[in-house]
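Data block below; observations after.
What follows is calculated from the coordinates using simple rules that are stated; it is not laboratory data. Fair warning: this is a prediction, and the values are worked out from it, not measured in the lab. Counting neighbours? That spans all protein chains shown, and the Cβs are built from the backbone with ideal geometry, glycine included.
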Amino acid sequence: MHDRHVLSFPIKGQRFNYRVAAIIVAEGHVLVCREDDDDYAMLPGGRVELGEDSAQSLAREIAEEIALPAAIGPMLATSESFYRREGEDFHELGFFYAAELPEQGPDGKTPWLVRQDEGHDLSFYWIPLAGAALEQINLLPRWLPAFLRDLPSGHSHIVHDERPR
């Protein structure tokens, strides 16, 4: 087994992240994840490891986090996000793929699934695309709710900067 190196590293009070995420939509809902100590939700996924391609990385992350087989589809978006969290300025490169969890979808349970990953509880929720539920659960990055409600027919590239001016 080779050493694993996630592509996330600090540079002088800033942090670079290379992240992949799954857009899993079923019955008008999207699957989101919240870590036990966070006040925000994110799409399932994680950081890419050195030597992995992004789709392979996403399949690995889904297997680790959800422990269900996922079908990774086409890339829907790339993003360059700049934001501040926990005292660090982030520069995050994100790759967003359509994905499916065969035979899975909203079942009325909330959370839908709770799993342990790297010492944290990850809670997964099916959130309706309609209404304000995505904003209420604080889905990040902030451009995602509008994007998810109106998925483009092709690939999109988003640059989103939340740094104070």
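Data overview
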{"item": "Dimensionless Rg over Rh [region 1-86; C-alpha; Kirkwood]", "result": "0.96"}
{"item": "Selected from Y83, Y18, Y97 as most flexible by GNM, with the chain as the system and alpha-carbon contacts under 10 Å", "result": "Y83"}
{"item": "Residue among P106, A133, L122 farthest towards the positive dipole end of region 49-165, charges placed on Cβ", "result": "A133"}
{"item": "Cβ charges +1 (Lys, Arg) and -1 (Asp, Glu), total dipole of region 8-159, debye", "result": "400 debye"}
{"item": "Ratio of Rg to Rh over the chain (Cα coordinates, Kirkwood Rh, two decimals)", "result": "0.94"}
{"item": "Pairs of Cα atoms farther than 14 Å apart, region 67-120, %", "result": "73 percent"}
{"item": "Residue order, fewest to most surrounding Cβ atoms within 10 angstrom, among E135, E100, E65", "result": "E135, E100, E65"}
{"item": "q = 0.21 Å⁻¹: log10 I(q)/I(0) that the Debye formula gives for region 53-97, counting C-alpha atoms only", "result": "-0.79"}
{"item": "Within region 107-165: Cβ-based charge dipole about Cα centre, in debye rounded to nearest 20 (Lys, Arg +1; Asp, Glu -1)", "result": "160 debye"}
{"item": "In sequence order, calculated HN-Hα J values of region 89-97 (Karplus, 6.51, -1.76, 1.60; Hz; x Gly/Pro)", "result": "8, 9, 10, 10, 9, x, 10, 10, 10"}
{"item": "Rounded to 5, the percent of DSSP beta bridges in region 1-108 classed as antiparallel", "result": "70 percent"}
{"item": "Region 13-19 - phi-based ³J(HN,Hα) in whole Hz, Karplus 6.51/-1.76/1.60, Gly and Pro as x", "result": "x, 10, 9, 9, 10, 10, 10"}
